[in-house]
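Let me give you the structure first, and then I'll get to my questions.
The values are calculated or read from the model by the stated rules, or taken from the named source; none is laboratory data. All of these numbers come straight from a predicted model, not from anything done at the bench. Here Cβ is always computed from backbone atoms with ideal geometry, including for glycine, and neighbour counts include all displayed protein chains. The area values use the complete protein model at the heavy-atom level, side chains included, leaving out ligands, DNA and RNA. Shrake-Rupley method; radii C 1.70, N 1.55, O 1.52, S 1.80 Å.
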Amino acid sequence: MTTVVPGQYLEPEYKPNDNGGTEELCRYFPGKGAAISSVKVGAHTLPVVVATLLGRKVVQELKDPAEDDAEEDADDKNNPAKPKFRKFLVSVVAGKQSQYSEYADQIEASAVASVRAAATNLPREGDIVLARVTRLQLKQAHCEILCVYGHGNVSSDGGVGSIGTNAHMSLPMGGGSQILSSYAAVASSQNAMPGAQPMDIGEAYRALIRTQDIRSTERDKVKIIDCFRPGDLVKAVVLSLGDGSNYYLTTARNDLGVVFAKSEGGAGDLMVAIDWETMVCEKTGVVEKRKCANLFSSAEAAGEESSSNTA
Amino acid sequence: MLFAFTPYIINSTPYINLIPHFPHFPAMNVDRRRMLGPASAATPIVPAVSSAAQTGTSDGSHIKFFLKSGLSKNASGLAFLETGDTIVEVSVYGPRPIKGLYIERASLSVECRFLPYITQPNEVLYNGSSRSNGRAGLTGIEHRVSAFVETALLATIPLEKYPKLTIDVFVNVLSFNANTRSLLNLAAWTATCTSLAMVDAGIEMRDLITAGHVQLSGTTALLDPTVGDADDGGSLECVACFTTMHNNDVVAVWMDGSSDDAGLEALTLQLEACKNMSNLVRSNVNGYLLGLADSKE
C-alpha cells in the first residue's frame, strides 16, 4: 500500500502481463481519486493513470466478465486479433476519513461504476441513496440526500443544511464571487451588516420525489401525505441529476421507500413496517401510512412482487 | 394555522439627547471629552523589525517557506503559507451544490482579499481611477491575483467530475510587505498555497500546481527575488505556474516590467528559471504531503 501525491503516475493504461504471457495485457481503469492523463515520452504520447488525491493507492482486479461485453464486442469486430485483457481498477483512497476508505480494497469493484466517479461521494444516476424528507408539497416531496449506498456520506457536513439558518438559500451560479457566501467572506467583508450570516452552512444536496415516481403502479392515485412525512428517512434511487437545484429520486421499487419513521410527525416513537403501505408504532400502536421499503427482498423478487403489491 | 398579522406600533417620539448635569462631577482639570488610558499605562516595547534583506539567488538556495494545511474544520480545505513577510491563507469551500440552472461542470471561483490594513503593492497604480473590474468589493490588485490563481486552477481540476456543484476558493493575505516583495511574488506563493488547500479539501487535481517567480538581472535570472534586487535600469519579472505532468506544462504566466529586451530569449530564460524554482518548491510540497499522509495512517 503506497502513499501517493496528486499528479503521481500510478500505472500506464495498458501494460503487458508480468507473467510473461504473450497474449495477455493488463488494462488499468482510473477509479476514485485517479484520472487518465497523456504523457509525452519521446515522440509518443502515452495514456497514464495518475493520482488526483493524496492517499493510498489501491489496485483491484475486475473479475466480472459480463461487465464490458458490449464494449468488447464492438471492439472485436474492428480488431479480431485483439489480445485478452486483465482489467484492474486503480483508485486512491484518502486517509482514514470514513469506514468506506478503510475497507475500500475489500469492496467489490466495478469499472463501469467507478471510472467517472469523483473522489467525493456525489450522487450519480442509478445510485441508491438515503435521503431525509424535509418538506411536502402536493405534487412532490423535498428531500436532502445524506449518503450513497456503498460509498458513504455525500459530504462531511451532510444533514446540517436543512436545519441551518437559511436552509432554503443556496449559492447562485458563479459560486462565491458575491459577498457573504462563507464565514470568511462575512468576516473580511467591510460592507457586511452586523450579525450577517453566510448564505448557508453545510450545503444540502437537495432532491425531489415526484408523485409519479413514488410507486410503479396506480401512479395517478398516489397521495403524497400517505407516503412520506417530513423527517422520514427514505431509501431511493437517483433517477436523474435533475435541474440545478434538485436531484430527482424514485422509490418505485419494492426495496425502496421509507426505512425509518417516527409517528405523530416525529413526536412519537419509532415505527415498524407491517406491510408495504402501513407502519405501526411499537409503543402506542398508532398506525400511519407510508410507502415502506422492503429491505429484505432481493432485486429479482422486487420485480415479481410489484404486481402483488398493489393488488 | 393562520396568524393574524399584528403590526408593531412604533413609538415615534424623537430621541432627545439629555445630558445630565451631575453636581458631584470631578474637578475641571480632568479631560472628560476623551477616553484616556489609565495614568499608569506603560508603552509596549516594540522589538526592532528585522528588515527582509534577503536577496534573490540564481540557484534558489535562499528560499524558505512554512506550510501547514488542515487547520480549519469550517472550510473543506485550508492551507497556510508563510515566507519572509508574506503570510497567505487559502480556504476552499466545496464541492457544494448550487441553485439554479443545471451545469455539467463545476463552477470555480477564486477570491483574493488583503486584510484591510495591509498596503497593497502598487496600490496607486492599479487602484487609481478605475474600480470597474466587475467583481464587487475587490480592488484591482486583488482581482489580478484572483484571476491568476483561477487560470492556473482551471487547467488542473477535472471540473466535469463535479456537475451541479461549485468550488469556492478564498485567498486571505494576512501579511505582506510591499517594500520588499512584489505583487508577482505574492501571486506565485498564493498559487502554491492554493493547490495545497485543494489537496486538503480532497478535491481532485490532475497535478499539483507550484509556481516560480524570477527577475532578470542582466542575463542571470534571480529566483524568488526581493524588490530592488535587479534595479539596473529596466528589469523584467516573470511568474509562472507549472504542473510536472506532460513534461512541465505551464498553466499560467504573468510577466511584468519595463524592459526593452523582453524578447523570446529573455522569456525562455525566465521560464526555465521559473521551472527550476517551481520544481524546488514542488519537491518540498510533495515531501510535506507524504509526511502528512503517513502521519494520518
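I need the phi-derived Karplus couplings for the range A:45-55: 6.51 cos²θ - 1.76 cosθ + 1.60, θ = phi - 60°, integer Hz, Gly and Pro marked x.
10, 10, x, 10, 7, 10, 7, 10, 9, 8, x
Further question on the same structure: For a quick check: with amide H placed at 1.01 Å from N, whose amide H comes under 5 Å from A:GLN8's, ignoring anything fewer than 5 positions away on the same chain?
A:ALA51
Can I ask one more? Can you work out the Karplus-derived ³J(HN,Hα) for every residue in the range B:266-281? Use 6.51 cos²θ - 1.76 cosθ + 1.60 with θ = phi - 60°, whole Hz, and x for glycine or proline.
5, 5, 4, 4, 5, 4, 4, 5, 4, 4, 4, 5, 4, 5, 4, 5
Under the rule of at least 5 residues apart or a separate chain, name every residue whose amide H is placed under 5 Å from the amide H of A:GLU277.
For A:GLU277, the qualifying residues are A:CYS292.
While we're on this one: Probe radius 1.4 Å, ligands and nucleic acids left out: which of B:THR190, B:THR55, B:THR180 has the largest accessible area, and how do the rest follow?
Working: B:THR190 0, B:THR55 70, B:THR180 25 Å².
Most to least solvent-accessible, the answer reads B:THR55, B:THR180, B:THR190.
Note down the net charge around A:ARG135, summing +1 for each Lys or Arg and -1 for each Asp or Glu among other residues with Cβ under 13 Å from its Cβ. Please report the intermediate quantities before stating the final value.
Numbers: positive: A:ARG132, A:LYS139, A:ARG206, A:ARG229; negative: A:GLU144, A:ASP232.
Result for the local shell: +2.
Would you kindly derive the ³J(HN,Hα) couplings of the range B:72-85 from the backbone phi angles with the Karplus curve 6.51 cos²θ - 1.76 cosθ + 1.60 (θ = phi - 60°), listing them in order in whole Hz, with x for Gly and Pro?
10, 9, 5, 8, 5, x, 8, 9, 10, 9, 9, 8, x, 8
Here is the link list: A:LYS262/B:LYS73; A:LYS235/B:LYS164; A:LYS57/B:LYS68; A:LYS40/A:LYS87; A:LYS40/B:LYS161; A:LYS87/B:LYS275. Which ones come out longer than 29 Å on Cα distance?
Over 29 Å Cα-Cα: A:LYS262/B:LYS73; A:LYS87/B:LYS275.
Could you run the numbers on buried accessible area between B and A, total for both chains, 1.4 angstrom probe, in Å² to the nearest 100? Numbers along the way, then the final one.
Details: alone 17930 and 17740 Å², together 31460 Å².
Interface between B and A: roughly 4200 Å².
On a 1.4 Å probe surface of the protein chains, which of B:SER69, B:SER175 comes out largest in accessible area, and what is the full order?
Numbers: B:SER69 15, B:SER175 35 Å².
Ranked from most to least accessible, the order is B:SER175, B:SER69.
Name the long-range amide H neighbours of B:GLY257: under 5 Å, sequence gap of 5 or more, or other chain; modelled H, no Pro or chain starts.
Here B:GLU237 satisfy the definition.
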